[in-house]
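The values are calculated or read from the model by the stated rules, or taken from the named source; none is laboratory data. Bear in mind that the values here come from a model prediction, so they are computed numbers and not experimental data. Glycine also receives a Cβ, built like all others from the backbone with ideal geometry; neighbour counts cover every protein chain displayed. Note: accessible area is taken over every heavy atom of the protein model, side chains too, but ligands, DNA and RNA are not part of it. Shrake-Rupley method; radii C 1.70, N 1.55, O 1.52, S 1.80 Å.
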Amino acid sequence: MKDSAHHRPVRRTIALVLAGGRGSRLQDLTENCAKPAVHFGGKFRIIDFVLSNCVNSGLHRIGVLTQYKSHSLLRHLQHGWSFLRSEVNEFIDLLPAQQRVDEASWYRGTADAVYQNIDILREHDPKYILVLAGDHVYKMNYASLIEDHVALGGPCTVACVEVPLTEASAFGVMTVDATRHITRFDEKPAHPQPMLDQPGRALASMGVYVFDADYLFAALQADIENPASDHDFGKDLIPAMVARGEAMAHSFDLSCVKPSPEDPSYWRDVGTVDAYWAANIDLTATIPQLDLYDKEWPIWTYQPTSPPAKFVFDDEGRRGMAVDSLVSGGCIVSGAQVRRSVLFTGVHLHSYCSVEESVLLPDADVARHCRLRKVVVDEGCHIPAGMTIGFDAEEDARRFHVSPEGVVLVTVAMLEALRLGQA
């Protein structure tokens, strides 16, 4: 006999979102904010996807653990995620590093971050703890994951996704047997273990874990007493659980939210400039793999009150237009041409500009006669009149950051250095 809705496992779960990482591979995009706070998809932040997954899954008790340059992230959460009602035991608790355990230690690792809030967790008396990385883009029904965890019967379940073997060194890589027990787990291995039936692919951890609460509390206590531990889930806790035969695997395909069962499962680690640019540009496809228009599984966020996007001038050579692009509220495309690009809130393009395959973050301003191709323009940048970016790799590398795949990252600091003749 099934439990009533009130006693479903998801209702007895607390979610913890690990949102304290810098994300240094994103270069200067995370100079002033943590990776989960980076803008994505025209109007969202990266963390909005994991939080929306929680709310859409019926999981309304959430803690967000922050540390690195968290002001932008905390402000976004306060503005956009304050609609849960404490009167009915719903909440998003903001849990910045506070030296709660002693006066010498900030969060020393992902497991330590959870351990330092263990007294807060015990107060809510959860039966299950869902631990989530706050820096990936995907749509997942966590209720299905938690119910699968209960059905498997183990104390720990790790969600996993297939990735190309060439990219697997960036993740925790696992081997799973026919009973879905994880038999091997290597955190960011130099030589990842391929899948037995697909030698070109590896099974990677999504940074999504479900634990029986009491089991996790005991494991955290044991880990904190181990002086050799880095107090990290991927490096320490999960490998130890795998070694004891206590960790099970949950395939992302079992709980991925997608337009139809035939569609591929979408999960992206946008942790490099190349991956970040590509995931944003992918959204400009006629039918993108990530469906932002799904009313059944909306992505929630904070958005400022902005006027509609505006396109002006219809003269030959000075026509305000955008094709195969996402253009957010508050944008003004004034006699400029935009192709296969993403314009975030408040972007202003002036006459005779050409923007192709580019990502322009909020309030970027591009002056007349500029040409941009395959560029990420950071928030608040003013591109001076006549500047060309993305057409001369040598010149771009002298002035800005150029990624391995040729994406040019432009920030306010880089433009200021250029203006002062320091680049």
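With a cap of 12 neighbouring Cβ atoms within 10 Å, and only residues DSSP puts in a loop, list the chymotrypsin sites (Phe, Trp or Tyr not before Pro) found in the stretch 1-97.
Passing both the DSSP loop test and the Cβ count: Phe83.
Normalised by the residues of the stretch 286-370, what does the relative contact order come to in percent, with Cα pairs under 8 Å and at least six apart?
20 percent
What residues of the stretch 115-147 lie in the reach of a label at Asp263, counting those whose backbone N is under 16 Å from a point 7 Å from the Cα along Cα→Cβ?
So the set is 137-141.
What order do Arg318, Arg268 take when sorted by accessible area (1.4 Å probe), most exposed first?
Output order, biggest surface exposure first: Arg268, Arg318.
From the residues Tyr293, Ala336, Val377, which one has its Cα farthest along the dipole of the stretch 261-394 in the positive direction, the dipole being from +1 and -1 charges on Cβ of Lys/Arg and Asp/Glu about the Cα centre?
About the Cα centre, the residue reaching furthest to the positive side is Ala336.
For the stretch 90-221, what % of the accessible area comes from carbon and sulfur atoms, probe 1.4 Å?
50 percent
Could you run the Karplus curve 6.51 cos²θ - 1.76 cosθ + 1.60 with θ = phi - 60° over the stretch 375-385 and give me ³J(HN,Hα) per residue in whole Hz, x for Gly and Pro?
10, 10, 9, 6, 4, x, 6, 10, 7, x, 3
Say each of Asp125 and Ala190 gets a label point 7 Å from the Cα, pointing the same way as Cα to Cβ; how far apart are those two points in nm?
If labels sit at Asp125 and Ala190, their model points lie 5.1 nm apart.
Taking all protein chains as present, what is the carbon and sulfur share of the accessible area of the stretch 314-375, in % to the nearest whole number, probe 1.4 Å?
39 percent
I'd like the Karplus ³J(HN,Hα) series for the stretch 241-257: coefficients 6.51, -1.76, 1.60, θ = phi - 60°, whole numbers in Hz, and an x wherever there's a Gly or Pro.
Coupling constants for the stretch 241-257: 5, 5, 4, 8, x, 9, 10, 10, 10, 10, 6, 4, 4, 6, 9, 5, 9 Hz.
Treating only the Cβ of Lys, Arg, Asp and Glu as charged (+1, +1, -1, -1), what charge dipole size does the stretch 23-84 show about its Cα centre? Round to the nearest 20 debye.
For the stretch 23-84, the charge dipole is close to 60 debye.
Expressed as a whole number of Å, what is the distance separating the alpha-carbon centroids of the stretch 246-280 and the stretch 122-174?
Between the Cα centre of the stretch 122-174 and that of the stretch 246-280, the gap is 12 Å.
What are the residues whose amide H is under 5 Å from the amide H of Lys188, where those residues sit 5 or more places off or on another chain and H is modelled from the backbone?
Result for Lys188 returns Phe171, Gly172, Val173.
Are there any trypsin sites (Lys or Arg not before Pro) in the stretch 118-176 that are in a DSSP loop and have at most 15 other Cβ atoms within 10 Å? List them by number.
Passing sites in the stretch 118-176 are Lys127.
Whose amide H sits under 5 Å from the amide H of Arg61, counting only residues 5 or more places off or on another chain, with H placed in the peptide plane?
Ala15, Phe91
Considering lysine pairs in the chain that are 8 or more places apart or on different chains, how many have Cα atoms under 22 Å apart?
Lysine pairs meeting both conditions in the chain amount to 17.
At 7 Å along the Cα-to-beta-carbon direction for both Arg368 and Ala385, put a label point, then send me their distance in nm to one decimal.
Using points 7 Å along Cα→Cβ, the separation is 0.5 nm.
Each residue of the stretch 335-350 in turn: what ³J(HN,Hα) in whole Hz from Karplus with 6.51, -1.76, 1.60 and θ = phi - 60°, glycine and Pro shown as x?
Karplus values, whole Hz, x for Gly and Pro: x, 10, 10, 10, 9, 6, 9, 10, 10, 7, 3, x, 6, 10, 10, 8.
In square angstrom, what is the accessible area per residue of the chain with a 1.4 angstrom probe?
Solvent-accessible surface per residue comes out at 45 Å².
If you keep only loop residues by DSSP, which chymotrypsin sites (Phe, Trp or Tyr not before Pro) in the stretch 253-361 have at most 10 other Cβ atoms within 10 Å of their Cβ?
For chymotrypsin sites (Phe, Trp or Tyr not before Pro) across the stretch 253-361 that sit outside H, G, I, E and B with at most 10 neighbouring Cβ atoms in 10 Å, the list reads Tyr293.
In debye to the nearest 20, how big a dipole does the stretch 220-291 give about its Cα centre with +1 on each Lys and Arg Cβ and -1 on each Asp and Glu Cβ?
With Lys and Arg at +1 and Asp and Glu at -1, about 80 debye.
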